[in-house]
1. As I understand it, the value is the acute angle between the Cα axis of helix A:196-211 and the longest principal axis of the Cα atoms of chain A; what does it come to in degrees, rounded to 10?
2. Around B:Ala108, under 15 Å between beta carbons, what's the net of Lys plus Arg minus Asp minus Glu among the other residues?
3. Can you sort B:Tyr205, A:Tyr176, A:Tyr134, B:Tyr187 from fewest to most other Cβ atoms within 10 Å of each residue's own Cβ?
4. When Lys and Arg each count +1 and Asp and Glu each count -1, what net charge do the other residues less than 10 Å away from B:Arg85, Cβ to Cβ, add up to?
5. Check B:Val70: other-chain or 5+ apart residues with amide H under 5 Å from its amide H, H built from backbone geometry?
6. Measuring from centroid to centroid over Cα atoms, what is the spacing of segment A:122-199 and segment A:36-101 in Å?
7. Which residues in segment B:42-71 have a backbone N closer than 19 Å to a point placed 7 Å from the Cα of B:Ser20 along the Cα-to-Cβ line?
8. Pop the C-beta distance of B:Thr31 and A:Lys30 into the FRET formula with R0 = 45 Å and round what comes out to the nearest 0.05.
Protein chains: 2
Amino acid sequence: MWKKLKRPSIRDVAREAGVSISTVSSVVNKTKFVKEDRQKRVLKAVKKLNYKPNIIARGLRTRSTRTVGVIVPDIAQPFFSQVIRGMEEVARKRRYTLILSCTFYDVAEEERQMNVLVDQFIDGLLFFCGYDNYSHIKKIYNQNIPVVVIDREVSDPKIPSVLIDNTGAMEQAVDYLCSYGHREIGYVTFTFENQATVRNRYAGYCSGLKKNNIPHNPDIAIIDDAIRLNELRGTYNIIKELHEKRKMPTAFTAIADASAIGLIKALKEAGYRVPQDVSVVGFNNEIVCEFSDPPLTTVKQPKKLMGAAAMNLLLDIVEGKKVKNKNIVLPTNIIERGSVAAPPKNTKQLSQRGFGNEF
Amino acid sequence: MWKKLKRPSIRDVAREAGVSISTVSSVVNKTKFVKEDRQKRVLKAVKKLNYKPNIIARGLRTRSTRTVGVIVPDIAQPFFSQVIRGMEEVARKRRYTLILSCTFYDVAEEERQMNVLVDQFIDGLLFFCGYDNYSHIKKIYNQNIPVVVIDREVSDPKIPSVLIDNTGAMEQAVDYLCSYGHREIGYVTFTFENQATVRNRYAGYCSGLKKNNIPHNPDIAIIDDAIRLNELRGTYNIIKELHEKRKMPTAFTAIADASAIGLIKALKEAGYRVPQDVSVVGFNNEIVCEFSDPPLTTVKQPKKLMGAAAMNLLLDIVEGKKVKNKNIVLPTNIIERGSVAAPPKNTKQLSQRGFGNEF
DNA sequence: GATAAATAGGAAATCGTTTCGCTATAAATA
DNA sequence: TATTTATAGCGAAACGATTTCCTATTTATC
């Protein structure tokens, strides 16, 4: 074991300054009036000994650790890490410390980690749920530990949350394509239907069509489970089918940037040009958008802001401030890059393009 | 303020079980022999009251918090977040908790955060330095706080570290290109010369050429400062110049995947095909490699392993275990995707390709 | 059966704070 | 001058564990 250095305690400072412990405490925490000369003596002693309060001892007494926990499925996913960056910045500014733990989409682990953090006497908890399962969150909420849920619609509005309007955002994407004159718009998603995010984006796609008086054609919605495994076969096959049936839409929206890029790949290999023949809009504005060919036009979620807002909300609750709105919905916007153009004049010509020998 | 629930203390357990506090402690921590019947009584009381030791109080007494700090320039960068994921997994397995803070490449902030963490009584510290500046690390090392430096060669071998052999890795990349028959190999980097990583990779490029008896031609090393800002003008201009001078090499290695992808973009717009005309090798194996067109062949750093190794090393030191090697160097390897092929037969033809009107 | 050795369990000190309540002094009032 | 009020500062009690001694009991030895 390592030997730890003994640091000066409040007792040492009191002795050095020739005052009582409680006086030192009052000075350090500015919690009581102390006459100027004694105050100066204390401060001088603090500086001389380089005294810093032992926050463990303080935590024991005050039951506050100025620490917040963050539970997240996987820190390595860009979306999460970018949101967390926003949290970290606010926490630092407000002099809180951030404890991180990952659950890898394991609900049991979520609950276990939650308890570990509670045992650490965190002042509050920021929760990215892997799934739409909030029983453990309710549990912690009922334990009177401040908690904020991120990026998930939790049914109970009493539980504070920060998210985007997924339905509206996808509607926005459809609107955007319509503004270019598109009337045949496909959708690529994955079947993860027990997740509200997935359901809502699809709902946004549908309501976007409706709003623009476009009949909904389920044939051009690509359901690609495999996309998370980087196996694009599903998308390829559906693109092929659409092509053969001469039913290729002039544009697609996608539930995520990765799906969109997979789609572009499939389209390109099938001989379509993006965006001249087919336009594509992604979702999330991840870094890959800039590196994609063509660069991907996408719906941006304000990730950093999301983290910052969540942290501010949480700390406001922790510190007992009045919060007017504990269910924050953040705005999204379209980031225009190079994957959207007006639909081709002659769409018949489009359908005549031949598939390569990839299939 | 939130009212906190009062949790049962060791005193409550002792009362419930009808034994002394010290007996409860002995049972809970298995630190002393206690007769079976009393042990059972204690355990029963623990279960009945759902007692969990207050780790703050324990920390105050034992001066150990089972907490490690991680200081990193920016959690949102994929490299860092993937390494951290490895750390987190090990920490969780070994029942430690992870405190995170970001410095955004600010040396003063590095030192400030370091002190904040020390004040938190972390048991150890994992440090990603933004720059080659180790004075504060030496300071903390001398305070007898276990510390491990990641991804940086710190001059003093007494300070534990985990990294890859950057020179060797880049040599590997050059070797790989040579094995395809390339003899004209360019390099793209940025001028960040006060960072050993950058210097060493360039050194690896040079020694790789030497090893393969290729004379070093400084004209085909692209120095592109702007790449971090996603401004590819530098690369474009140099590609243009190489093209006009008919000096385009048949292959490039790059200091990072982003640089490589920027390069590919410039090459494509200039009318070169990748990999048929020019091959490109990246560095890091980031997610973008898979989405790039063509998918990027690259040098892989074992990021997760790196984090895991660093955390294990740190915790071994914290726990006073004997460590045979406190300066760990991890292996790299080439991930083959689609951006490398044999050089074209007739390189003259290559130089005749015309630039588009991008320039 | 008397003494020595071994052992189980408990009392109390300690870790470093915060905070309640009390005392002694100074100021204000009668 | 005597009495009340205000105030600055201090002592001591928490907070909830761990750990060092010490005592009382049991077991072993002669």
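What follows draws every value from the coordinates through simple rules; no lab data is involved. Since the structure is predicted, the reported quantities are computational estimates derived from the model, not experimental observations. Because the Cβ atoms are built from the backbone with ideal geometry, glycine has one as well, and the counts that use them run over all protein chains shown.
1. 50
2. Here the count lands on -1.
3. A:Tyr134, A:Tyr176, B:Tyr205, B:Tyr187
4. Summing Lys and Arg as +1 and Asp and Glu as -1 gives -1.
5. Result for B:Val70 returns B:Ile99, B:Leu100, B:Ser101, B:Leu126.
6. So the separation of the two Cα centres works out to 29 Å.
7. Answer for segment B:42-71: B:42-43.
8. 0.65
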